[in-house]
Amino acid sequence: MNAAKTNQTIRSIIDYGGLAVFLAVYFMTGKDMIKANWALAAASGVALAVGLILERRIAPMPLVTGLFALVFAALAQNFHDTRFVKMQPTAINLFLGAVMLGGAAMKRNPLKALLGSAIHLDPPAWRTLMIRYGALFLTEAALNEAIWRTQPDQVWVVWHRPLLLAVSIAFSVAQLPFLMKHAKLGEAELQAEHQGESPPPE
């Protein structure tokens, strides 16, 4: 396995390891949703530490997930109400959707901060991608609300982890043609910037 693949594997574990921990603890504790959410918060803290040690960066997704997990686990524990755990993905996705759409409106680039140096795109492509991901996050928030309010806990847990992740992965795969098209323009702009030249026209 080369260095790039190793780094990508490490990053995937850091970003998504907490999801596996949530599922494992949920089933190991007799479907205790509150304990599973505390475990998610703890796993996110470990992921942040691993990211700092191995990548020398604060991984954004475990940070966001961990903070929301702490708040909503505390609310669920205090009020003895698992509905707070179920509302947590809605809150996370609303937050991410607002960040993406707000960034696009203000000509900022929060998505680039999430992806790091994985890809280089021209500015219009970043804006289009942020709008698409903003729409995805808002859609996932709406779906989460519909599912936890109408379906049994077991159905929601499957949606909350494997299915939600699968939807996100499928959406990202669908963006590959767009990324491949615009990554070349982004690379050209980056090289021109390093050489002090103007990027080539589209």
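Residues that are among the acidic types (Asp, Glu) and crowded, with 16+ Cβ neighbours inside 10 Å: does segment 12-25 have at least one?
Keep residues of segment 12-25 that are among the acidic types (Asp, Glu), which gives 15.
Next, only the ones that are crowded, with 16+ Cβ neighbours inside 10 Å stay: 15.
Checked against the condition, which is being among the acidic types (Asp, Glu) and crowded, with 16+ Cβ neighbours inside 10 Å, segment 12-25 yields at least one hit.
A residue that is touching an Asp or Glu at 6+ places or on another chain (Cβ under 7 Å), among the hydrophobic types (A, V, I, L, M, F, W, C), closer than 29 Å to Phe84 by Cα and not assigned by TED's automatic domain parsing to the domain that holds Ala24 cannot be found anywhere in segment 149-157.
Is it true that Leu136 is within 19 Å of Leu19 (Cβ to Cβ) and either among the hydroxyl-bearing types (Ser, Thr, Tyr) or in a helix (DSSP H, G or I) (or both)?
yes
The values are calculated or read from the model by the stated rules, or taken from the named source; none is laboratory data. Treat the numbers as computed from the prediction; the structure is a model and nothing was measured. Here the Cβ is made from the backbone with ideal geometry for all residues, glycine too, and neighbour counts use every protein chain on show.
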